[in-house]
Amino acid sequence: MPRLTLRTEPRKLLGLLWLLLPLVVTAALIWFGLVHTPEYRRRFFGTHGLGVIQLKSQLGSALLGLALIQLFLALWMYGRLPGLRAAPHRVGTAHRLIGLLAFLLSIPIAQQCILAYGVSFTGPREALHSLAGCFLYGAFVAKVIVVRHRRWPGWALPLAGGTLITVIAVSWYSAALWFLNGFRFPGL
């Protein structure tokens with residue numbers, strides 16, 4: 001049986017801990033959303049009632065737009081867009097700044113959702129939105145970990161980034177699009 005040296009054990013343990021952090025973040029948000037008493041009349045930037053849902057839908061749509069710009073810039077940076085030359089250095093800077101803006105934009109939306117409604121499993125749409133919203137921050141943590149720790153396999157960054165964009169899209173579909181489409185899903 002191969003023997004691990006003292007030198008590799010802490011590194012493997014640390015790698016496992018980094019893998020668990022996104023799960024801990026997701027689980028903590030789900031737990032908080034389940035035990036927190038929802039404040040259904042909570043105002044959002046001075047709006048109330050349907051105005052809250054409309055404003056969150058608009059901000060959520062802006063967040064999805066920023067996520068799609070992030071996807072385009074990432075594909076350009078890694079040479080995955082046919083016909084485009086190598087991305088200049090400023091594309092990486094723009095990618096980081098837009099990512100920061102998207103993260104900051106997501107915070108008031110998520111805060112309003114979890115404090116006003118909590119995590120709900122009362123219906124499929126609510127369950128999907130609740131889980132996607134909580135998983136979004138776990139996916140964000142995973143992406144930051146993969147970006148900061150360059151020893152991960154080459155497929156880890158596209159997986160983390162793709163997962164993050166996917167949960168943003170699912171969150172948008174299960175709330176913003178649902179609202180903007182007259183409280184129903186298109187095509188369903």
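The values are calculated or read from the model by the stated rules, or taken from the named source; none is laboratory data. None of the values given here were measured: they were computed from a predicted structure. Positions of Cβ are backbone-derived with ideal geometry, glycine not excepted, and every protein chain shown enters the neighbour counts. Surface areas here come from the heavy atoms of the whole protein model, side chains and all, with no ligands, DNA or RNA. Shrake-Rupley method; radii C 1.70, N 1.55, O 1.52, S 1.80 Å.
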Most mobile of GLY99, GLY133, GLY79 per a Gaussian network model of the chain (Cα springs, under 10 Å)? GLY79
Residues other than PHE103 with Cβ under 12 Å of its Cβ, Lys/Arg counted +1 and Asp/Glu -1, net out at +2
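Of all accessible surface on the chain at a 1.4 Å probe, what whole percent is carbon and sulfur? Spell out each step's value before the answer.
Working: 8600 of 12300 Å².
Result for the chain: 70 percent of the exposed heavy-atom area is carbon or sulfur.
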Whole number in Å², please: accessible area per residue of the chain, 1.4 Å probe, ligands, DNA and RNA not counted. 65
Take the alpha-carbon centre of the stretch 156-181, take the same for the stretch 31-78, and report the distance between them in whole Å. 11
Sum -39500 (n - 2.57) across every DSSP H segment of at least 4 residues in the chain, then divide by the residue count to get the 222 nm mean residue ellipticity, nearest 500. -23500 deg cm²/dmol
For a quick check, take a GNM of the chain with Cα springs below 10 Å and name the residue from LEU84, LEU64, LEU50 with the largest mean-square fluctuation. LEU84
Once all protein chains are kept in place, TYR117 shows an accessible area at probe 1.4 Å, nearest 10 Å², of 80
